[in-house]
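Participant: My structure is below; once you've seen it, I'll send some questions.
Throughout, read-outs are computed from the coordinates displayed, never taken from laboratory work. Predicted model only: the values in this text are computed from it and were never measured. Every residue, glycine as well, gets a Cβ built from its backbone with ideal geometry; the counts of neighbours run over all protein chains shown.
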Amino acid sequence: MNIQLSDHFTYRKLIKFTLPCIAMMIFTSIYSVVDGFFVSNFAGKTPFAAINLIMPVLMILGTVGFMFGTAGLERQLMM
C-alpha cells in the first residue's frame with residue numbers, strides 16, 4: 001500500500017507510520033533507566049555521573065539511526 005501526498009489524511013495513517021518510531025524510543029528509554037539503576041547500585045556515583053553526561057549524545061545518535069532503520073522497515077513492509 002503506497003501512501004502519497006495527494007491521499008486523504010487520516011489519524012489512522014499517521015499512527016500507522018509513527019508507532020514503530022514511538023515504540024523504539026520507549027524501549028530505548030526504558031533501557032537507559034534500567035542501565036542507570038544497575039550502574040548506580042553496583043558501580044557507584046562516579047560511573048553513574050559519567051553515564052548521565054554521555055547518554056544525551058548516545059540518544060541523539062540512536063534516534064537518527066532509529067529513524068533510518070524504521071523508515072527502511074516501513075518501506076519493506078509496504079512493498
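Participant: What's the FRET efficiency of Thr18 with Ala49 using the Cβ-Cβ distance as r and R₀ = 35 Å, to the nearest 0.05?
Facilitator: Values: r = 34 Å, r/R0 = 0.97.
After rounding, the FRET efficiency stands at 0.55.
Participant: How much length, in nm to one decimal, is gained on full extension between Phe42 and Tyr11, taken as 0.36 nm per residue of separation minus their Cα-Cα distance?
Facilitator: Roughly 6.7 nm would be gained on extension.
Participant: Continuing with the same structure: Starting from 0.36 nm per residue, how many nanometres of slack lie between Val34 and Met67 once their C-alpha separation is accounted for?
Facilitator: The span from Val34 to Met67 would gain 9.6 nm if fully extended.
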